Amino acid sequence: MGLDRRSFVALVAGGVVGSLATPVVWKTLDDISIWSQNWPWIPRLRYGEESLVPSLCKLGEGAYGVQVKLVAGHPVAAYGNPEHPLSLGGICPLGAASVQLLYSPARVKNPKKRVNGAFVDISWDEAEALLAEQLKAAGAEVALVSGDDTGTAAEVLAGLVAALGSQESYFMPSEGAAAAAAVGLLGGDGLVGYDVEGANFLLLLGADALGSSGTMLRNAKAVAAGREQGVRVVAVGPVLTATAAVADAWVPCKPGTEGMVAMALASLIVESRPDGKVPGLADFRKQVAAFAPDKVAAATGVPVETLRSLAKELLSASKPLVVPGTAAGQGMAVSDAAAALAVNVLLDRVNVPGGVMLLPWGPKVVAAAPDQKTMLARDVLGYLAKVAAGTTSAPKVLLVHGANPAYALPDLKTAQAALAKAGFVVALSSFMDETAAMAHLILPDSLTYERYDDAYTPYGSGQANYTVAAPILKQPLFATKAAADVALSVAARLGKELGFASFEEVLKAKAEALGADFETAATGSVWLGSEFVPQKLSLAKVPAPGAPHGSETTVVAVAQPKIGSTKIATPPFGTNGISPRELQGKDMVVAMNKTTAAKLGVRAGDAVTLSGAGGECRARVRVFEGVVDGAVMAPMGLGHTAWDAFSRGKGANVFQILSAQADVGGASRFATSPVGVRKA
Amino acid sequence: MANSKSSVVLPFLVGVVASLVLGWWAFPKVLYSQKTQPIRFDHVVHVEGQAMTCDQCHVFRENGSFAGLPTTAACADCHSDVQGEDPDEQKFVTEYVQKGKEVEWLVYQYQPDNVYFSHIAHKNLECTSCHLDVAKMSTPPVYYQNRISGYSKNTMKMWECERCHAQSGASNACFVCHK
């Protein structure tokens with residue numbers, strides 16, 4: 001019997017009908033649909049042993065302990081560390097994104113050198129050889145700008161620079177430096193901290209103490225705990241910061257006049273205590289005479305009654321504490337800090353429970369390096385301004401470590417001009433930030449979770465503390481290297497031995513110098529110091545604080561870790577936290593009150609051009625009554641030109657319009673600046 | 001006419017039978033590849049020989065999450081050195097314990113990442129309600145892997161979860177399993 005066409009069709013039809021009663025069609029369709037879950041580009045979760053490992057977050061302006069959750073040895077999330085005195089379980093938005101940042105598209109994954117305007121990947125051996133060659137040729141004409149003012153890595157790098165014969169090592173500006181300088185003006189010496197937990201009346205003169213300033217996580221915990229004990233918090237400042245919003249009272253004052261408010265309070269306190277026995281009081285009486293409440297009220301916008309009421313509260317509280325600062329978390333005037341410190345001195349609130357704590361400087365272990373006090377006192381703004389102006393020779397090699405001076409300095413064009421004048425810019429950066437983008441050589445620094453790191457007594461700590469973070473990952477994710485190890489290696493190539501073979505050894509020496517056990521510290525146990533530097537503070541030379549800018553409008557820069565810091569641009573996680581109150585489309589949003597808007601002839605939603613001494617930027621107007629007359633509140637952290645798609649090209653960089661104003665002792669203030677506003 | 005009918009019916013029936021045989025017998029053999037575990041883990045030796053209970057190795061963590069299979073480090077609590085003469089134990093110690101490597105065990109009930117299965121919520125069920133009864137096996141069963149989807153043949157399908165939930169009165173809302 002042959003298989004004719006008719007039979008064949010019947011066979012096939014039978015096969016099709018039969019197959020419908022089998023799993024072939026249905027199972028295949030089902031499996032194909034499920035197969036789409038396993039396409040190779042779809043990320044897969046890792047499963048395995050879970051653990052929490054202590055580490056450090058130094059992505060913002062301070063440093064605090066975190067706990068990193070590992071699954072099968074891989075970091076997946078970061079939490080606050082309840083055991084760390086500066087976290088107490090809290091975490092900032094940058095810390096929360098710290099694991100994500102390990103995988104940031106902006107990470108520099110291997111050393112790069114600039115060839116004909118473009119970056120070319122090179123090996124670490126070639127990179128270190130190139131740096132050694134450039135340093136050798138530069139001789140003593142080398143400089144360092146570091147953003148790591150709590151870590152020992154900066155000490156190693158400064159040690160290399162000093163070993164080459166240069167003293168041009170600087171930290172980026174910080175509130176801690178201004179506060180320490182203020183202590184110096186009063187004849188004291190030490191790092192500045194605040195025993196926030198011990199105070200029962202907290203007067204914040206500009207400081208966004210719960211949002212961006214000092215040990216903000218710890219401060220927030222202390223304030224929250226204090227609520228139940230009846231602790232009162234009053235925030236003085238030109239804008240309703242995150243802190244002012246939750247304080248018991250917000251006392252609006254004109255931008256940059258917090259120091260004057262402090263002097264008026266000092267004047268009222270002096271008046272109420274005619275028999276005071278504070279050193280230098282006689283001279284101080286003369287100084288505060290110029291800050292009578294009625295005069296200050298007119299200059300600052302704070303009513304006389306409010307000043308009297310605040311002075312009364314300070315005098316009646318058993319443990320009052322005055323904390324200076326700015327909404328920007330930097331750019332504080334030394335004179336303002338000195339005025340606030342003077343009030344604390346008048347109230348006998350120095351080195352007492354609930355008071356200002358003057359803490360010992362961190363020990364130096366790299367013999368060639370300048371000590372912490374010297375480094376913190378140096379003025380990077382002044383140095384760069386002189387380089388830009390040509391009054392100081394530009395460094396032949398400029399090392400930039402953990403900092404982004406091409407983005408985060410006032411008078412930005414001046415800073416950028418100074419960087420452009422440097423012969424050879426070396427960015428020791430983990431990310432392709434604005435400074436790395438203009439560098440000649442990028443030596444990518446490993447992130448904290450990939451290397452050793454440490455932090456000694458960040459600004460605002462209530463007592464001296466030292467935290468060591470051991471590497472969490474066995475190997476860095478990419479071909480990166482700890483900047484301090486690079487410095488040690490290059491120093492060895494140049495025959496300028498710094499006395500240590502590795503950064504780990506340096507940290508062991510640091511721990512030993514403090515009397516801490518390194519092994520214990522490296523497993524998350526924080527060393528706490530109990531010593532306070534004996535002080536003989538005098539009010540004889542308290543300088544007059546800065547006066548209002550005198551301009552019709554003043555920009556008030558506000559730092560918010562959710563947007564970023566001076567070191568880190570908005571991480572992917574952060575983009576969800578930026579609201580239309582900060583960014584609309586590609587425009588930064590600035591806030592002003594109804595009166596200011598009317599005076600400027602603008603309405604909510606209008607596009608405006610802000611012009612400062614250093615340049616201009618575009619923004620949109622938001623009308624908000626949490627801003628005093630004449631002030632324009634602008635969010636910091638926007639307007640990046642490098643980094644990645646999560647931060648680049650979004651809004652404007654406030655540093656473009658911030659300008660440094662001269663303050664006492666050659667220092668400068670820049671948290672607020674005169675600004676012009678016109679419709680775009 | 002009769003010839004005409006038989007020339008259609010017979011091939012049709014042959015086609016039906018052939019496809020049924022192929023579909024029910026040959027297709028599963030082709031669809032699944034067969035794999036064996038990297039180490040022949042003998043549950044019987046541990047359960048009966050050492051009187052160990054399931055939860056000595058398959059533990060709940062403090063936060064209630066399920067650790068699943070023990071890590072090499074956990075096994076090394078007892079097997080830091082070779083204890084017997086089983087070549088697979090020797091291989092485990094030399095290849096994994098001494099090298100600090102994790103064994104890439106094949107998980108019979110592996111669920112995709114988009115399924116959140118909480119073991120602690122199901123702790124009152126017998127393990128064997130869902131898992132193969134490996135505690136009685138000296139040699140782990142063959143692992144059948146679907147060549148198309150990549151999943152284990154034993155991976156529980158969503159309808160099975162839903163059926164049990166419906167029967168036990170548990171919610172079948174999407175978010176119960178898909179976060």
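Within the set of pairs 6+ apart or on separate chains, which have a first residue in segment B:53-70 that is more than 8 Å from every other protein chain (Cβ to nearest Cβ), a second that is loosely packed, with under 15 Cβ neighbours inside 10 Å and small (Gly, Ala, Ser), and C-beta atoms under 8 Å apart?
Final answer for the pair search is B:GLY64/B:SER118; B:PHE66/B:SER118.
Would you check if there is a residue in segment A:15-26 being within 60 Å of the chain's Cα centre (by Cα), at pLDDT 85 or above and closer than 28 Å to B:LEU22 by Cβ?
Checking segment A:15-26: at least one residue is within 60 Å of the chain's Cα centre (by Cα), at pLDDT 85 or above and closer than 28 Å to B:LEU22 by Cβ.
Enumerate the pairs (first residue in segment B:163-179 and farther than 20 Å from B:ASP113 by Cβ; second residue anywhere and small (Gly, Ala, Ser)) with beta-carbon separation below 9 Å, excluding pairs fewer than 6 apart on the same chain, so at least 6 apart or on different chains.
Here the result reads B:CYS164/B:SER129; B:CYS164/B:ALA170; B:HIS165/B:SER171; B:ALA170/B:ALA121; B:ASN172/B:ALA166, each pair linking segment B:163-179 to a residue that is small (Gly, Ala, Ser).
Sort out which residues of segment A:529-563 are under 26 Å from A:ASP629 (Cβ atoms) and modelled with pLDDT under 85, and write them in order of number.
Selection gives A:GLY546, A:ALA547, A:PRO548, A:HIS549, A:GLY550, A:SER551.
Please give the strands (runs of 3 or more DSSP E) falling wholly within segment A:589-680 in which 3 or more residues are over 28 Å from A:PRO572 (Cβ atoms).
Ranges flagged: A:607-611, A:616-623, A:672-674, A:676-679.
Kindly list the number of the only condition in (1) within 18 Å of B:GLY150 (Cα to Cα); (2) outside any loop (DSSP other than H, G, I, E, B); (3) at the interface with chain B (Cβ under 7 Å from one of its Cβ atoms) that fails for A:TYR47.
Checking A:TYR47 against (1) within 18 Å of B:GLY150 (Cα to Cα); (2) outside any loop (DSSP other than H, G, I, E, B); (3) at the interface with chain B (Cβ under 7 Å from one of its Cβ atoms), the one that fails is (2).
Being among the aliphatic types (A, V, I, L, M) and in a loop (DSSP other than H, G, I, E, B) is the filter here, so list the residues in segment A:372-398 that pass it.
Residue satisfying the conditions is A:ALA394 alone.
Here is a yes/no grid of residues against (1) of a type in the set (A, V, I, L, M, F, W, C); (2) more than 7 Å from chain B (Cβ to nearest Cβ); (3) loosely packed, with under 15 Cβ neighbours inside 10 Å; (4) closer than 30 Å to A:LEU70 by Cβ:
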position	(1), (2), (3), (4)
A:VAL12	yes, no, yes, no
A:GLY15	no, no, no, no
A:SER19	no, no, no, no
A:TRP26	yes, yes, yes, no
A:ASP30	no, yes, no, no
A:SER33	no, yes, yes, no
A:SER36	no, yes, yes, no
A:PRO40	no, yes, yes, yes
A:PRO43	no, yes, yes, yes
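Would you please name the residue that is surrounded by the fewest Cβ atoms within 10 Å (Cβ to Cβ), looking only at residues in segment A:237-258 that are more than 24 Å from the chain's Cα centre (by Cα) and in a loop (DSSP other than H, G, I, E, B)?
A:ASP248
So, in segment A:509-526, how many residues would count as being surrounded by fewer than 20 Cβ atoms within 10 Å (Cβ to Cβ) and either of a type in the set (Lys, Arg) or touching a Leu at 6+ places or on another chain (Cβ under 6 Å) (or both)?
0
Pull out all pairs, ordered by first then second residue, where Cβ-Cβ is under 6 Å, the residues are six or more apart or on different chains, the first lies in segment A:253-273 and is within 15 Å of A:LEU347 (Cβ to Cβ), and the second is charged (D, E, K, R) and in a helix (DSSP H, G or I).
A:VAL270/A:ARG285
May I ask you to list the residues in segment B:27-47 that are in a helix (DSSP H, G or I) and either facing chain A (nearest Cβ under 7 Å) or surrounded by 13 or more Cβ atoms within 10 Å (Cβ to Cβ) (or both)?
Of everything in segment B:27-47, those that are in a helix (DSSP H, G or I) and either facing chain A (nearest Cβ under 7 Å) or surrounded by 13 or more Cβ atoms within 10 Å (Cβ to Cβ) (or both) turn out to be B:PHE27, B:PRO28, B:LEU31, B:HIS43, B:VAL44, B:VAL45, B:HIS46, B:VAL47.
So, in segment A:211-224, exactly how many residues are farther than 15 Å from A:GLY462 by Cα and over 13 Å from the mean Cα position of the chain (by Cα)?
1
Could you list all residues from segment A:274-295 that are part of a loop (DSSP other than H, G, I, E, B) and without any contact (Cβ under 8 Å) to a residue 40 or more places away in the chain?
Once the filter is applied, which keeps residues that are part of a loop (DSSP other than H, G, I, E, B) and without any contact (Cβ under 8 Å) to a residue 40 or more places away in the chain, segment A:274-295 yields A:PRO274, A:ASP275, A:LYS277, A:ALA292.
For segment A:133-145, state whether one or more residues are charged (D, E, K, R) and under 25 Å from A:ARG218 (Cα atoms).
No, there is no match, as no residue in segment A:133-145 is charged (D, E, K, R) and under 25 Å from A:ARG218 (Cα atoms).
Tell me, yes or no, whether segment B:3-24 has at least one residue that is out of contact with any Leu (no Cβ under 7 Å at 6 or more places or on another chain) and away from every other protein chain (no Cβ under 12 Å).
no
With the requirement that a residue be crowded, with 22+ Cβ neighbours inside 10 Å, in contact with a Pro (Cβ under 9 Å, 6 or more places away or on another chain) and part of a loop (DSSP other than H, G, I, E, B), what does segment A:61-87 give you?
Those that are crowded, with 22+ Cβ neighbours inside 10 Å, in contact with a Pro (Cβ under 9 Å, 6 or more places away or on another chain) and part of a loop (DSSP other than H, G, I, E, B): A:GLU61, A:GLY62, A:ALA63, A:ASN81, A:HIS84, A:LEU86.
One residue is enough: does segment A:154-171 have a residue meeting the conditions in a helix (DSSP H, G or I), closer than 16 Å to A:LEU498 by Cβ, in contact with a Pro (Cβ under 8 Å, 6 or more places away or on another chain) and in contact (Cβ under 8 Å) with a residue 60 or more places away in the chain?
Within segment A:154-171 (the criterion being in a helix (DSSP H, G or I), closer than 16 Å to A:LEU498 by Cβ, in contact with a Pro (Cβ under 8 Å, 6 or more places away or on another chain) and in contact (Cβ under 8 Å) with a residue 60 or more places away in the chain), the answer is yes, since at least one residue qualifies.
Answer yes or no as to whether B:PRO70 is under 21 Å from A:GLY48 (Cβ atoms) and surrounded by 17 or more Cβ atoms within 10 Å (Cβ to Cβ).
yes
Are there any strands (runs of 3 or more DSSP E) wholly within segment A:417-482 with 2 or more residues that are touching a His at 6+ places or on another chain (Cβ under 6 Å), and if so which?
Per the criteria, A:424-428.
The values are calculated or read from the model by the stated rules, or taken from the named source; none is laboratory data. Since we're looking at a predicted model, the values are computed, not measured. We place every Cβ from the backbone using ideal geometry, glycine too, and count neighbours over all the protein chains shown.
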